[in-house]
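*Asks:* I am attaching a structure below and will ask some questions about it afterwards.
Nothing in this text is a laboratory measurement; each read-out follows from the coordinates by a stated rule. Everything quoted here is computed from the prediction, not taken from an experiment. For neighbour counting, all protein chains shown are included, and Cβ atoms are generated from backbone atoms with ideal geometry for every residue, glycine included.
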Amino acid sequence: MDILKYKDYEGTAELDMTRNTCRGKVLFIDDLVTYESSSPANLQKEFEEAVDDYLDTCAQLEKEAQRPFRGQFNVRVSPTLHRAAAIRAAADAVSLNDVVVRALDAFLNCRADVNHNIRVTLESSEGSLSTLTAVANENPKWGVAHVH
């Protein structure tokens with residue numbers, strides 16, 4: 001699904017084949033704000049007009065327009081995960097909120113692939129040394145091992 005953006009609001013871009021029209025709605029607010037266009041080329045314009053109309057209507061009604069993403073949301077986790085996060089927060093001398101923010105940041109912004117290099121030195125009963133170097137590339141199950 002394509003997402004339209006305007007003035008800190010996001011909206012959907014959908015194709016309605018039954019009515020032969022393009023349509024959408026503003027996301028992440030409780031008020032229902034919709035828009036439609038006869039062509040995809042005009043949908044962004046209709047979305048922007050719908051957002052402006054929503055903001056004007058709220059102002060006329062002396063109602064505060066809803067803003068998406070206040071920066072607060074509820075997270076439901078298992079008691080075990082909750083406990084582990086609280087212990088980590090205490091160990092790092094930060095708030096539980098900081099732990100959640102760091103976890104979300106790592107999930108959203110860190111690369112998913114990890115490369116590991118492992119070196120193990122083995123001594124045999126005869127006193128000889130062998131070094132095994134394992135390199136796990138982007139697909140760890142296809143890692144490369146070398147014996148020296």
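*Asks:* Could you put Phe47, Phe69 in order, starting from the residue whose Cβ has the fewest other Cβ atoms within 10 Å?
*Replies:* If I rank by nearby Cβ atoms, fewest first, I get Phe69, Phe47.
*Asks:* Using 0.36 nm per residue of separation minus the Cα-Cα distance, give me the extension gain between Asn20 and Asn74 in nm, one decimal. Write out the running numbers ahead of the final one.
*Replies:* Values: separation 54, 0.36 × 54 = 19.44 nm, distance 3.89 nm.
Separation in residues times 0.36 nm, less the Cα-Cα distance, equals 15.6 nm.
*Asks:* Exposure proxy check: Ser37, Ser95, Ser125 ranked by fewest other beta carbons within 10 Å?
*Replies:* Working: Ser37 17, Ser95 12, Ser125 5.
Taking fewest neighbouring Cβ atoms as first place, the list is Ser125, Ser95, Ser37.
*Asks:* Along the Cα→Cβ direction, 7 angstrom out, place labels at Ile118 and Lys5. What is the inter-label distance in nm?
*Replies:* Simple spin-label model gives 4.1 nm for this pair.
*Asks:* Applying 1/(1 + (r/R0)^6) with R0 = 35 Å to the Cβ-Cβ distance of Asp52 and Val101, what FRET efficiency is obtained, to the nearest 0.05? Please list the in-between numbers first.
*Replies:* Numbers: r = 33 Å, r/R0 = 0.94.
After rounding, the FRET efficiency stands at 0.60.
*Asks:* Moving to a separate point now. Quick check: residue separation of Leu27 and Asn42 times 0.36 nm, minus the Cα distance between them. What number comes out in nm?
*Replies:* 3.5 nm
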